[in-house]
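Please treat every number below as a calculation from the coordinates, not as lab data. The model shown is predicted, which means the values in this text are computed figures rather than measured ones. As a convention, Cβ positions derive from the backbone with ideal geometry for all residues, glycine included, and neighbour counts pool all protein chains shown.
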Amino acid sequence: MAAAVSAMAAATEVEAESKQGVEQEGKRSKQVADQEIEQEIKQEIEQELKQEVEQEGSKEMSQGESKERSEEESKERSEEDKVAEIESMRARRAAERRKQLQEKRIKLANETRMRRLAARPESSWSSDDATFVEANPELMALMRQRHSRRRQREDREAEATDDPETLRHKATKVATLLQQARTAVVYTGAGLSTASGIPCYRGQHGIYTKTAKNSTADTTVAPTPAPTTLDLTACSPTRAHQALTALVQGGVVQHVVSQNVDGLHRRSGLSPQHLSEIHGNAFLEYCPVCSNNGVQASGLYARRFDVTGLTARHRHATGRNCPACATPLLDTIVHYGEAAHCSPVHNWEGIEALLPQVDLILVLGSSLKVLKHYKPLWQPLQKKASLIVVNLQWTPLDARAALVVRATCDAFLEALLNALPTARRPAVPDYDMGHDALWAMAVPLTPAEDQAAKEPASQISLREGWFAKGVTGGQRRAKRVKEELEALT
């Protein structure tokens, strides 16, 4: 019985142990299954996440590609728009310019028609002309004003000559004024040298006048050619130069101020102390160093040829050097916009010292268009000094002159000498090249200079420098307008 009980107890223990083992095995298998399920879930989640990431990446890539494509398309469109805008702007500007030229052409045609009507009497107008004038009263007033100014300008440019009796009467008056004057000065212009073959500047046949007229002349008519070069060495002092020198040497005239660069005053024997060549002398060059130090006769070198062959406005080096200090020599010419730079030649000190005592100013052969701007020269007029103008054309100071003489300088000075009393009438010698004062002081070229320039330039260009100032600009403007109108047509 006890054995049976113990056997049953042992069987119960075995059963309990086996049951416990089964339970533990079940737990372990369940844990393994749970782990496997979790692992599978994790793998599925990772796969899903990976797929989502890949989908997002592909989506972003597709968006980037589409963005790049859109940017390229917009860039292409912007370039096309820019080109179209530029073409549109060009077309718009061309249309505006074409419209402006058309308006200018119509305006020019109306002005031309009105200008012709203004120059004709009203009785010769047609009904259309009268209607046109009534429709444009302001334009007619403007054209009549221009016509009046043009007639006035033509009258002023016209040359007039006093008859012999009038000239003799005026010369007698001038002789009386000269004898009464304590200090008399003479201002000379290009008209004094025309008899020697040098053309004047603003006269009826002057360089500036012919050049300006040719620039606006009718192209169907052959213009009168203006001289382009001039050989100054071939010109000689005239009777007027000799007479003026004699008047200075005789004490009738105290000083001469000249605008001419031809050197004819010095060549006639006029002393440099009584002469102010305010625009320079074409036969003189100087050393700026020696002239300031008072060496080598004020640093001046006279030549028997025109020294301005290589010079121009603001460029005064003549191509030769000073023998004393090797400094480049300069010409003495004063161009437009330049100041005096050679005191021994321009000699402003000489005339300025006399101006307070001047009571008579005699102008010979100058239009005074330039000289009137030299204000110090006209200070004596404020102190009641007498002004006498001898010129073939009108001058800006005619209204202030005590006497205006219309004659050539040679004719007037000859009449003046005859009107002076015998006691004060100086003898006037003829010009003699052998006694030419400027040629006598001429310095020959050194061997090196002679080798460098066997034939120095002896011709001065009349279309360069101060001779043709203001003409070329008008020619360019007229040519530009003409070309634009031709292109429009």
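Observations
- Taking each residue as 0.36 nm, the span from Ala141 to Val83 lengthens on full extension beyond its C-alpha to C-alpha distance by 16.0 nm.
- When Ile106, Ile361, Ile388 are arranged by Cβ crowding within 10 Å, least crowded first, meaning fewest neighbours, the order is Ile106, Ile388, Ile361.
- Nitroxide proxy distance, nm - points 7 Å out along Cα→Cβ at Ala423 and Gln152: 4.8
- Packing, taken as the mean count of other beta carbons within 10 Å per residue, orders the peptides 422-428, 247-253, 354-360, 328-334 from highest to lowest as 328-334, 247-253, 354-360, 422-428.
- With each label modelled as a point 7 angstrom along the Cα→C-beta vector, the Asp359-Ala109 pair spans 6.7 nm.
- Proximal charge balance of Ala407 [Cβ under 15 Å; K/R count +1, D/E count -1]: -2
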